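Structure first, commentary second.
The values are calculated or read from the model by the stated rules, or taken from the named source; none is laboratory data. Keep in mind that what you see is a predicted model, and the values were worked out from it rather than measured. Positions of Cβ are backbone-derived with ideal geometry, glycine not excepted, and every protein chain shown enters the neighbour counts.
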Amino acid sequence: MRFRGIRTRADALEPLARAWMVAFEGGVRAAARRPRRRLRAATPERGGLSPHETALLSTVAVLLIPTDELGPGAAEAGVPDALERRLRQSSAASTVYRSGLANLDSMAWRRYRQSFTALPAGAQIELLTMVEQLASPVTTRGGKIVDRLLRLYRFVRYPAVQFFPVLWDDVMEAFYTSPVAWRWLTYDGPPMPLGYLDVLAPRE
Amino acid sequence: MTPTGTQGFGTTADVVVVGCGAGGGVIAKELGEAGLSVVVLEAGRRYDPEADYPTDQREFEAKIPHIFAPPNARRDRYTSSGRFTYSRVKGVGGSTLHYQAVSPRMHESDFRVRTLDGVADDWPITYAELEPYYTRVEWELGVAGPSGEHANPFEPPRSQRYPTPAHPFDLTNLAIKRGADRLGLHLVEVPVAIPTKNWMGRPACLSAGTCDFGCRARAKSSIDVTYVPKAEATGRIEIRTLAMAREVTVAPDGRARGVVYIDADGEERYVAARAVVLAGNAVETPRLLLMSTSSAFPHGLANSSGLVGRNFTEHLAVFAKGAFDERLDPWRGMPVKGLIQDFYETSAGNDFARGWSLLTESGGAWPLTTARRAGGWGAGHKARMLDSFAHTVGMSSVGEQLPHPENSVRLDPFQKDSFGLPVPFLTNRQRGNDVAMIRRISEELKQILDAAGAREVVVDPSVPGMSAHYLGTCRMGQDPGSSVVDRWCKAHDVPNLFIGDGSVFVTAGAVNPALTISALATRTAGGIIEKFDAGEL
């Protein structure tokens with residue numbers, strides 16, 4: 001079938017991320033508690049997000065598909081709202097999102113002593129790249145089992161690592177099924193019920 | 001071995017057919033029209049195009065992966081030795097619900113590979129014997145194909161033209177044709193079971209390109225909208241859905257007596273019949289035979305040759321993509337439109353036997369699907385999207401994998417599915433001839449896309465199972481020692497047991513097999529009807 005999980009391509013950065021992980025692991029663990037407390041205090045509605053979580057989610061979504069000279073992005077397509085609507089329908093998804101967002105914010109606190117939302121875009125992108133790297137397969141000298149254990153450890157220890165591919169897929173889904181993206185790409189869908197009476201020319 | 005308590009509750013039919021796809025659905029209709037009563041046991045459900053195929057919605061791409069997904073993942077479990085992807089659809093219509101309806105005929109040489117090339121085995125029937133059945137199925141389905149100066153120069157002889165005219169090429173095919181022409185290859189319009197004219201009450205194809213995910217317009221001639229309504233119109237066919245066959249029972253005289261199945265409520269039920277037809281596909285049919293053990297058949301029903309489940313063969317599928325500078329808008333029209341058969345036969349220049357077909361393949365080139373393939377995120381992702389979306393065309397191969405007895409479908413000794421039945425354990429390794437052919441196919445795909453002017457070409461490694469064409473596990477033959485069924489697809493060991501799916505293929509050929517499965521099923525139905533008429537069943 002054609003539908004597989006997303007693939008991460010930034011293999012070149014993997015050694016960098018590994019070095020970062022070794023250097024900062026302890027620190028992240030120590031810092032993790034502070035922002036988590038902050039988020040809990042906001043008491044969101046069941047399944048929904050707190051205002052801070054909403055701001056975080058929106059910031060990350062807009063980083064993933066930015067508005068730039070190439071065209072519109074997640075903001076114009078209403079992706080943050082679409083994601084929130086989705087979370088209100090699924091408490092399982094909401095759990096993954098909230099722990100992932102909290103973890104991301106705690107990394108920002110540990111590294112820059114600031115919330116993720118307050119960071120300059122360059123630092124935000126750097127943090128997201130690290131999270132993505134932590135999600136990719138590991139190769140150490142310890143062999144396959146050690147590699148797998150290390151990867152599993154990362155997944156459990158850093159909820160953001162689990163969260164990132166889920167978020168990215170959801171962001172793509174919300175963006176690429178929006179009229180904004182379809183206009184950007186000049187896609188004349190959906191396929192049915194009109195079909196394409198002339199396969200050589202765009203639909204009227 | 002009828003389970004206690006079920007005997008009195010069973011129905012009796014002339015024939016019970018297991019599976020309602022390209023084989024079973026066809027056989028049911030033919031038997032019903034001949035006046036026989038048939039119960040069809042189908043493990044999946046019915047699909048309603050309007051309700052089940054949301055391809056008219058803006059979010060259709062988010063929904064299509066779920067359309068044919070099983071209600072619970074354990075229902076369709078399987079295990080494999082090595083990497084193998086097993087894909088099929090359970091439902092009324094079987095895998096034709098999902099297929100792209102590519103319907104070329106096998107070639108004359110396919111039936112005589114031992115004689116011609118010294119590999120595998122000859123079929124016990126010839127192309128000429130199957131030709132009338134090909135024609136009959138093509139007219140039922142309204143197959144669209146080229147004729148006259150556009151005809152495929154490599155096509156075997158036909159007694160009649162294609163029922164409806166070929167689908168015209170779209171931009172992707174015109175691009176690939178540039179490359180094929182430059183290399184002297186013959187890219188022709190592929191025959192597909194998607195009529196280009198209104199056909200038997202269904203509309204002509206409207207080129208929506210959603211074939212893989214069910215045709216909302218019923219234009220694609222899947223079995224559920226062609227043979228099944230005709231079968232049910234006879235009033236003699238009863239299709240029981242969500243009915244998972246568990247065992248073919250055998251009478252003391254060695255004849256098949258009926259089929260035990262598990263219904264939607266998990267209850268065990270029984271249908272008795274004068275003849276049994278298995279058409280579950282080349283995995284489910286041997287699985288059911290291997291599960292049907294008895295004192296007379298300790299190694300599985302109809303398995304005195306030991307070949308039930310052996311020679312599990314697929315097609316060698318290599319996928320390639322080319323990115324072009326110009327916009328090609330590949331989502332318009334059917335996913336597969338072009339066919340190249342210049343490499344079909346064994347060539348002296350190759351260090352391997354037999355050959356392959358090439359198809360142009362541009363399915364699923366929609367925004368979300370393209371984005372998932374594009375990878376990356378942020379500005380880099382957007383740039384890749386602009387590069388690939390509307391600019392990418394695909395090609396694929398249907399290469400002939402040679403049968404090998406060690407490639408097999410067996411019962412997994414440990415794992416069970418949601419019914420508590422042993423799951424199929426699949427082994428299919430690409431052997432020497434296969435590997436050499438895949439290498440040549442990959443080179444050829446790259447050459448064609450390069451010659452067509454692609455700025456970037458990616459040829460993916462071939463993953464076993466990806467063809468979704470599964471064949472050969474109960475093969476036909478004259479000799480009961482080296483085959484499971486005879487030339488009428490009747491089991492050598494059991495006088496009233498028939499096999500009506502791709503399991504009976506002796507060799508795989510190098511074309512999509514659905515049309516051949518339906519043609520063979522039509523012929524097998526004819527044989528069953530004759531036996532009823534002669535009082536043998």
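What the table shows:
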quantity: Restricting segment A:156-198 to residues that are among the aromatic types (Phe, Trp, Tyr) and in contact (Cβ under 8 Å) with a residue 12 or more places away in the chain, the residue that is nearest to B:ASP170 (Cα to Cα); calculated: A:TRP184
quantity: Residue tally, condition surrounded by 23 or more Cβ atoms within 10 Å (Cβ to Cβ), more than 14 Å from chain A (Cβ to nearest Cβ) and among the hydrophobic types (A, V, I, L, M, F, W, C), over segment B:330-358; calculated: 4
quantity: Counted residues, segment B:72-106 - those being over 22 Å from the mean Cα position of the chain (by Cα) and either part of a loop (DSSP other than H, G, I, E, B) or within 14 Å of another protein chain (Cβ to nearest Cβ) (or both); calculated: 2
quantity: Number of the exception - A:ASP198 against (1) surrounded by fewer than 20 Cβ atoms within 10 Å (Cβ to Cβ); (2) more than 9 Å from chain B (Cβ to nearest Cβ); calculated: (2)
quantity: Near pairs, Cβ below 8 angstrom, 6+ apart or cross-chain, from segment B:152-170 (more than 14 Å from chain A (Cβ to nearest Cβ)) to any residue that is at pLDDT below 95; calculated: B:ARG161/B:SER147; B:TYR162/B:SER147; B:PRO165/B:SER147
quantity: Selection within segment B:365-384 - in contact (Cβ under 8 Å) with a residue 24 or more places away in the chain, of a type outside the set (Val, Ile, Thr) and at the interface with chain A (Cβ under 7 Å from one of its Cβ atoms); calculated: B:TRP366, B:PRO367, B:LEU368
quantity: Selected residue (only one of B:ASP76, B:ASP48, B:ASP56, B:ASP52 is surrounded by fewer than 16 Cβ atoms within 10 Å (Cβ to Cβ) and of a type in the set (Asp, Glu)); calculated: B:ASP48
quantity: Unique match (being outside any strand (DSSP E or B) and farther than 23 Å from A:TYR187 by Cβ) among B:GLY364, B:GLY465; calculated: B:GLY465
quantity: The one condition in (1) part of a loop (DSSP other than H, G, I, E, B); (2) over 25 Å from the mean Cα position of the chain (by Cα) that B:TYR270 fails to fulfil; calculated: (1)
quantity: Selected residue [within 16 Å of A:GLY78 (Cβ to Cβ) and within 9 Å of another protein chain (Cβ to nearest Cβ)] from A:THR177, A:THR186; calculated: A:THR177
quantity: Segment B:43-58, residues that are under 27 Å from A:MET172 (Cα atoms) and either touching a strand residue (DSSP E or B) at 6+ places or on another chain (Cβ under 7 Å) or hydroxyl-bearing (Ser, Thr, Tyr) (or both); calculated: B:TYR53, B:THR55
quantity: Matching residues in segment B:24-44 - criterion: being more than 18 Å from B:VAL271 (Cβ to Cβ) and either part of a loop (DSSP other than H, G, I, E, B) or among the hydrophobic types (A, V, I, L, M, F, W, C) (or both); calculated: B:VAL26, B:ALA34, B:GLY35
